Amino acid sequence: MQGDVDLGGRVVRTWSYGGQLPGREIRVRRGDLLRVSLRNDLPEATTIHWHGVAIRNDMDGVPELTQRPVGGPLGGFRYEFTVPDAGTFFFHPHVGVQLDRGLYAPLIVEDPDAPADYDTELVVVLDDWLDGLRRDPDGVFKELRAGGMGSMGMARSALLGGDAGDVTYPYFLANGRLSSAPQVVTARPGQRIRLRLINAGADTAFRVGLPGVPMTVTHTDGFPVQPATADAVLLGMAERIDAVIIVPDRPVPLLALAEGKDGFAQLVVQPGRAAAPDPAALVGELSSRPVLTATDTRAADAVRLAERAPDVVHELKLGGPDRNYTWTINGQVYDPARGLPVREGQRVRLRFTNTTTMFHPMHLHGHTFQVRSPGGAGPRKDTVNVLPGKAVEVDFDADNPGQWLTHCHNVYHGEAGMMTVVSYVE
Ligand code: C2O
Ligand code: CU
């Protein structure tokens, strides 16, 4: 719906799911049948995409490719599908640059068989925010296309190997709150909290950590990894990381630094009554710590793909920006008729090569691939950062027939052409 949302002392007019930011969490168990009725009160058509969930193709929410967009106002659509895997997911529209408004919410799939080795959970949804502050995402996209974005190429990050983003944001949010009015989570010292971190941003990677409190990373994009300890983790757009922390005996902020940009989001983990420390003083401390990226992790044995040589290898050369802010794959902008053919039963390898000066979080719909890493089985993921000048290979089993979008999850890059289709053929 369209309406006012309070970011914590600052009210903005935006588009949201049900007037809430983030939208209300959906929580189901693996194997459940999920039914969601979308009613569109927005002034334009929309869809819902269930990011990372390997569902049936006609529920995937990609306009024209898998469904007709749901016209507003007052259009409707019923999504209904079985949820095959446990993990931390989220959902968002797949029309235009709507994701850079307030249209996002967590989708948590519990594993009925997994023993919970933690006491409680905390879902943290991160976002970069500009909507309703004399700007909106459609206007920003127009500006980028006209070459008028003053910030382009200004934000840089060594961790991201080049440009950190194309858009300057006034605010960064954790669970819909400004860093000046953070959510405060009461906790007990010694309690084990499973963090479910989700980056719902459009153009911002986040460096996340709790200064002085180590995290044990357990999952990337919903799938288990061999546990790894970290002071800070990096999340590109649409990446998710689960990590367990042990609550200290003093308040500590969970900081999400906008990587290569100016600003941060936070929430406060609060045992007892002591005043929370000034987060600004801790930003420097967190930025000086080593950062774990998802590709540093290893798949847990239970979810590692069997060794197998690929039956087909597809090259995806990432290029841009060309004239009018065009971003390409293999020199082409998005054309659903010109996909990458695969056949059911094949082991498929995608090789992303980044010839640009900016990182691209590349996402594949309908599957969870395995990142190939030199030291063995990399993590299972659905979204992987490909850094400038680098190549990343991912493997998956073609076991879910359909037409599956694969694209950059920078919403402006995707809309400007950096999308193609993994296309099952007979
Ligand atoms: Cu978050 Cu095409 O997806
Ligand atoms: Cu990109």
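The values are calculated or read from the model by the stated rules, or taken from the named source; none is laboratory data. The model shown is predicted, which means the values in this text are computed figures rather than measured ones. Here the Cβ positions follow ideal geometry from the backbone for every residue, glycine too, while neighbour counts run over all protein chains shown. Accessible surface is based on the protein model in full, side chains and every heavy atom, while ligands, DNA and RNA are left aside. Shrake-Rupley method; radii C 1.70, N 1.55, O 1.52, S 1.80 Å.
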| said: Of the candidates Ala294, Ala274, Ala174, which one comes out as most mobile in a Gaussian network treatment of the chain with C-alpha springs shorter than 10 Å? | reply: Ala274
| said: Quick check: Cα centre of segment 372-426 to Cα centre of segment 144-203, how many Å? | reply: 22 Å
| Difference of contour (0.36 nm per residue) and Cα-Cα distance, Arg27 to Thr229 | 70.0 nm
| note | Stokes-Einstein D for segment 216-370 (4 °C, 1.567 mPa s, Kirkwood Rh from Cα pairs), in µm²/s, comes to 68 µm²/s
| remark: Expressed as a percent, the accessible surface of the chain that is carbon or sulfur, using a 1.4 Å probe and the full set of protein chains, is 48 percent
| For segment 206-359, with every protein chain kept in place, what is the accessible area per residue (1.4 Å probe, Å²)? | 42 Å²
| If you line up the Cα atoms of segment 1-136 on their principal axes, what length do they span on each, largest first, in Å? | 48, 37, 19
| How big is segment 274-335 on each of its three principal axes, counting only the C-alpha atoms and giving the largest first in Å? | 58, 45, 19
| So between Ala116 and Ser37, what do we pick up on full extension, going 0.36 nm a residue minus the alpha carbon distance? | 25.4 nm
| message | Only sites in a loop by DSSP and with at most 14 other Cβ atoms within 10 Å count here; which trypsin sites (Lys or Arg not before Pro) in segment 1-55 make the cut? | response | Arg24
| query | Picking from His360, His94, His314, which is most flexible by a Gaussian network model of the chain using Cα springs under 10 Å? | reply | His314
| query | Under 5 Å between amide H atoms, partner at least 5 residues away or on a different chain: which partners does Asn385 have, H built in plane at 1.01 Å? | reply | Met362
| query | trypsin sites (Lys or Arg not before Pro) within segment 364-426: which are DSSP loop residues with at most 16 other Cβ atoms inside 10 Å? | reply | Lys390
| task | With a probe of 1.4 Å, find how much accessible area segment 1-146 has per residue, and write the answer as a whole number in Å². | result | 43 Å²
| query | Hey, in the GNM for the chain with a 10 angstrom Cα cutoff, which one of Asp166, Asp242, Asp301 fluctuates hardest? | reply | Asp301
| query | Which distance in nm do the two modelled labels at Thr355 and Ser373 give, with both placed 7 Å along the Cα-to-Cβ direction? | reply | 2.9 nm
| request: Output the relative contact order of segment 363-407, whole-number percent, from Cα pairs under 8 angstrom with separation of 6+ residues. | output: 49 percent
| task | Could I get the Rg over Rh figure for the chain? Both from C-alpha atoms, Rh via Kirkwood, rounded to two places. | result | 0.94
| the chain: relative contact order as a whole-number percent, Cα under 8 Å and 6+ apart | 15 percent
